[in-house]
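To start, the structure itself, in structure tokens.
The values are calculated or read from the model by the stated rules, or taken from the named source; none is laboratory data. Quick caveat, the model's predicted, so the values are computed rather than measured. Cβ coordinates were reconstructed from backbone atoms using ideal geometry, including for glycine residues, and neighbour counts include every protein chain displayed. Remember, those area values only see protein heavy atoms, side chains included, never the ligands or the DNA or RNA. Shrake-Rupley method; radii C 1.70, N 1.55, O 1.52, S 1.80 Å.
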Amino acid sequence: MIMKRRIILLFLFILAVYYCRAQSSKLPEKPWRSIVNMEKYYPVPIWEGDVSVKLFGQFSYQDSLQVAQSVDFLDSLTETINIQMSSHERGNLEIFFLDSINENVFKHILSIPDDEFIGWHYNFKHDYNQKRVTTIFNLGVRLSLVPGGQHQDFLTNALATALYPSRWDNSDFFDAGDEGHFTGPVSIFMREVPDGMQPYFSEMNAFDRDIIEAVYSSDYSQLLPQAKKQYGDYDFPKWLSPHLVLIFPFVLVLFLMAGLIILLYKRWFVRIKNEFVQFNVTAFLGLLLLGIMISSFLALRYELDWYNFGLSTFDFVAGIFLTVIFGLLGANFIRLVEKAINRNTQSKYLKTLLLFLSTTLIPVLSVFGVMYLSSRASGNFGENQITIILTFLVAFTIIGIIRALISFFVIREKELKIESELKISRLRELKSKAELNALHSKINPHFLYNALNSIAGLSTINPDKTEHMALSLSKLFRYSINKEQSDWSTIAEELKMVNIYLDIEKVRFENRLEFRIDMPEGLKHVQVPRFLIQPLVENAVKHGISKRVEQGVIKVSVRKSDDWLDISVADNGPDFPEDLAPGFGLQSIYDKLEIMYPGRFELHFLKSPDKQILIKLS
């Protein structure tokens with residue numbers, strides 16, 4: 001038990017030592033957080049060696065004395081450099097009292113072109129790569145803008161700014177609050193004190209002194225990396241910018257929105273009958289969502305930029321509006337071009353190439369035209385505009401390649417589908433012909449047997465009837481041979497064959513068979529399947545008339561009823577049995593109608609008012 005307590009106490013002691021050591025090695029938040037932020041957004045050059053201060057212009061002895069006091073004060077804060085007044089003609093830190101120097105003379109001294117803008121606060125020359133001042137630092141001051149009792153503090157802050165010339169004057173950006181200021185209160189060519197400038201005239205505070213002491217300490221180069229680890233934000237890899245990181249969630253949302261548009265199109269937009277309206281409604285919704293996405297992306301992108309500049313509400317809405325308007329115009333133009341391509345181009349390779357060119361060139365040329373015309377008015381068509389156009393070209397080239405590949409495979413799939421459907425259609429046609437030929441070729445052997453027996457019996461008794469019956473039989477078989485290889489015949493031809501068939505049967509049955517055929521003149525040329533009616537009549541003879549001792553009557557009628565063509569074969573023979581099982585003749589008719597009238601026919605066996613078989617064709 002005692003051993004366990006000792007181990008726990010030892011462990012706690014080690015943790016305490018580690019914590020204290022970590023706290024002791026931790027750099028203070030002020031000023032190191034601000035230094036890290038300034039180094040991140042604008043690397044500040046650091047002076048090395050001696051700093052010699054030289055004054056120019058009409059300055060009083062009091063002014064030079066105050067500058068010397070400021071130099072001594074700042075020299076006491078710096079460890080790695082020596083600051084002193086220059087006894088030579090020039091210095092590497094030159095202060096120009098602008099109250100007594102003409103602006104053009106000042107520019108001439110510094111070799112600055114008359115039309116060049118120097119900046120609000122100071123002009124300096126340094127080596128950015130080495131992060132150190134290598135040439136003269138020029139500092140312009142206007143004491144006339146500063147209250148008389150604050151000249152000393154003003155000059156001290158101005159010299160401190162020259163030692164650590166950060167370009168930032170918004171202390172809130174660097175978390176300094178009211179305790180420090182990063183840009184000196186100097187103002188080249190400034191003719192009045194801007195609002196909020198008064199605090200810069202105050203005495204140099206502790207925060208500013210801490211910055212100077214930290215930057216010009218002997219261990220600054222070792223402490224700065226530690227401060228960056230401690231207070232620096234996460235640095236993106238050089239190949240991965242924070243703007244690029246934004247693209248991934250936006251692309252994901254864009255795909256989700258595309259899925260939503262497709263869903264709405266399948267459920268609602270397809271109901272719109274007008275193709276032009278349907279296309280524009282779909283395009284409007286897609287472009288509206290795209291405009292919102294682009295404006296949102298730009299708003300977030302600007303928020304990430306170093307100047308913390310955001311889009312206004314007007315810019316946001318205007319971006320959406322312009323995306324929708326120009327997008328609709330471009331989409332309709334591309335649609336017209338591609339309809340012309342699809343209508344006039346047969347080769348899938350040429351069609352794919354033209355679709356790629358329309359997707360790539362039309363948007364890029366439109367952007368180029370807008371930028372060129374707008375730049376002619378402003379006269380600033382240059383490298384930035386060319387970069388934007390090239391960016392659009394690369395983006396739409398990628399889109400065009402993807403769309404061309406998709407179009408090629410869609411066209412190829414349609415061709416294969418059409419080829420497959422044609423093959424299936426040919427196979428079905430061949431199958432139907434084979435089935436119909438098989439049905440036509442199956443002549444009822446009973447009819448042929450009975451007809452030949454009748455001819456043989458009549459040959460010695462009545463040669464005229466024998467000749468008539470043989471000729472009728474040959475006509476019937478000639479019709480059956482079907483030299484034209486057609487599956488259709490007119491009602492007039494069908495009924496003519498029925499009449500021949502009944503003439504043959506009447507020779508066999510004599511007075512026991514009577515028949516009537518009723519057909520309106522207007523239906524003579526209506527097309528029906530070959531051998532559709534004859535099997536019905538044969539069935540009436542076989543199962544109706546042959547069962548009667550008395551006279552039998554067969555009535556064949558064709559009439560039009562509403563949208564149906566009614567074909568009826570009635571007889572006065574025995575009724576249909578309850579368990580009627582169609583023989584080959586009726587089954588062949590049913591099979592034929594299934595092939596030639598799929599879903600468009602009816603077959604009825606009626607007992608009243610007459611016993612009949614009724615076929616209805618639509």
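The C-beta contact set for the stretch 475-494 (first residue on the phi > 0 side of the Ramachandran plot and at pLDDT below 65, second residue in a helix (DSSP H, G or I) and not basic (Lys, Arg), distance under 9 angstrom, 6+ apart or interchain) comprises Asn482/Asn437; Asn482/His440.
Condition (residue is in a loop (DSSP other than H, G, I, E, B), surrounded by fewer than 21 Cβ atoms within 10 Å (Cβ to Cβ), in contact (Cβ under 8 Å) with a residue 40 or more places away in the chain and acidic (Asp, Glu)) applied to the stretch 546-557: is it met by at least one residue? Taking every residue of the stretch 546-557 in turn, none turns out to be in a loop (DSSP other than H, G, I, E, B), surrounded by fewer than 21 Cβ atoms within 10 Å (Cβ to Cβ), in contact (Cβ under 8 Å) with a residue 40 or more places away in the chain and acidic (Asp, Glu). Residues in the stretch 574-616 that are open to solvent by 30 Å² or more (accessible area, probe 1.4 Å), in contact (Cβ under 8 Å) with a residue 24 or more places away in the chain and of a type outside the set (D, E, K, R): Pro574, Leu580, Gly583, Phe584, Ile595, Phe605. You will find that of Ser111, Ser87, Ser64, Ser76, the residue that is part of a loop (DSSP other than H, G, I, E, B) and at pLDDT 80 or above is Ser87 and no other. Under the condition of being polar (S, T, N, Q) and in a helix (DSSP H, G or I), which residue from the stretch 274-297 is surrounded by the fewest Cβ atoms within 10 Å (Cβ to Cβ)? Checking each candidate, the answer is Gln278. Only residues that are surrounded by fewer than 16 Cβ atoms within 10 Å (Cβ to Cβ), in contact (Cβ under 8 Å) with a residue 12 or more places away in the chain and farther than 11 Å from Gly400 by Cα were counted in the stretch 350-361, giving 0. Of all the criteria given as (1) in a helix (DSSP H, G or I); (2) closer than 30 Å to Pro225 by Cβ; (3) open to solvent by less than 20 Å² (accessible area, probe 1.4 Å), the one not satisfied by Val51 is (1). Only residues that are exposed (fewer than 15 other Cβ atoms within 10 Å of the Cβ), under 16 Å from Lys555 (Cβ atoms) and among the acidic types (Asp, Glu) were counted across the stretch 495-523, and they come to 1. Of the numbered criteria (1) more than 18 Å from Arg508 (Cβ to Cβ); (2) open to solvent by 10 Å² or more (accessible area, probe 1.4 Å); (3) among the charged types (D, E, K, R), the one Asp571 fails is (1).
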